[in-house]
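The values are calculated or read from the model by the stated rules, or taken from the named source; none is laboratory data. Keep in mind it's a predicted model, so treat the numbers as computed, not measured. Every residue, glycine as well, gets a Cβ built from its backbone with ideal geometry; the counts of neighbours run over all protein chains shown.
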Amino acid sequence: MRIGLSADLCGSTIDRSENGPPTYSLRKNMTTATIAAHFRHVHFGGNWTCVNLRDTLKDVTCQEALHTREGFNTIAVLTYHVHYFVHAVLKVLEGGPLDAHDTFSFTHPPITSDADWQALLEKAWSDAERFATLVEQLPDDRLHTDMADPKYGTWYRNLHGIIEHAHYHLGQIVVLKKLMRSDDQKIR
């Protein structure tokens, strides 16, 4: 027995039946172009929160990116972590296998200078733009198909997961940056 349909913020419809968990179906207006736009917004701006990765990180120095605070990841680690999964799914979009392991996603290459930090950021931005372009080119009907392997779920689920993941860690980066810059022991 169907109890009712309701819309969530990701563009899907939730069917809440009496028996079992809710099921989701994609709205007709949620296209790969729309998903690519949401992805670009969290990376480059234009979302309704007015916060994005590029603008948040543009004035972060290497020293700030590597600053450790007990119990927290560094800004560099979080930036790399977000990019790690974007890069992994980018490889799938390019026709390769999914090869990502959470244990490696927090271990960035050595950053010993501002040039190293800027190179990491530039790689993140170029991969993000390539990712969005390939998502736009993905046929809409592929959104309901499995990405790489059925155990990972559909393209729709994974693409939205990448966006949600970026927003989550963007929030952490913003808080760390504010805490660091409000400390009496200014790092700059």
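Here are the numbers:
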{"quantity": "Test result for ILE111, modelled with pLDDT of 95 or more, out of contact with any Cys (no Cβ under 7 Å at 6 or more places or on another chain) and within 23 Å of ARG54 (Cβ to Cβ)", "calculated": "no"}
{"quantity": "Residue match in the stretch 87-108 (condition: of a type in the set (S, T, N, Q), part of a helix (DSSP H, G or I) and over 19 Å from THR61 (Cβ atoms))", "calculated": "yes"}
{"quantity": "Leading residue by the ranking (surrounded by the most Cβ atoms within 10 Å (Cβ to Cβ)) among those in the stretch 158-188 that are farther than 25 Å from LYS58 by Cβ and touching a residue at least 12 places away in the same chain (Cβ under 8 Å)", "calculated": "LEU159"}
{"quantity": "Residues (assigned to a helix (DSSP H, G or I), in contact (Cβ under 8 Å) with a residue 60 or more places away in the chain and surrounded by 14 or more Cβ atoms within 10 Å (Cβ to Cβ)) located in the stretch 63-81", "calculated": "GLU64, ILE75, LEU78, THR79, HIS81"}
{"quantity": "Check on VAL60, at pLDDT 95 or above, closer than 22 Å to LYS178 by Cα, within 14 Å of the chain's Cα centre (by Cα) and not in a helix (DSSP H, G or I)", "calculated": "no"}
{"quantity": "Residue that is surrounded by the fewest Cβ atoms within 10 Å (Cβ to Cβ), among those in the stretch 140-157 that are in contact (Cβ under 8 Å) with a residue 40 or more places away in the chain and of a type in the set (D, E, K, R)", "calculated": "ASP149"}
{"quantity": "Test: residue in the stretch 133-140 that is modelled with pLDDT of 95 or more, in contact with a strand residue (DSSP E or B) (Cβ under 9 Å, 6 or more places away or on another chain) and assigned by TED's automatic domain parsing to the domain that holds ILE173", "calculated": "yes"}
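Yes or no, residue by residue, for (1) surrounded by 14 or more Cβ atoms within 10 Å (Cβ to Cβ); (2) more than 14 Å from the chain's Cα centre (by Cα):
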{"residue": "VAL86", "(1), (2)": "yes, no"}
{"residue": "LEU90", "(1), (2)": "yes, no"}
{"residue": "GLU94", "(1), (2)": "no, yes"}
{"residue": "ASP99", "(1), (2)": "no, yes"}
{"residue": "SER105", "(1), (2)": "yes, no"}
{"residue": "SER113", "(1), (2)": "no, yes"}
{"residue": "ASP116", "(1), (2)": "yes, yes"}
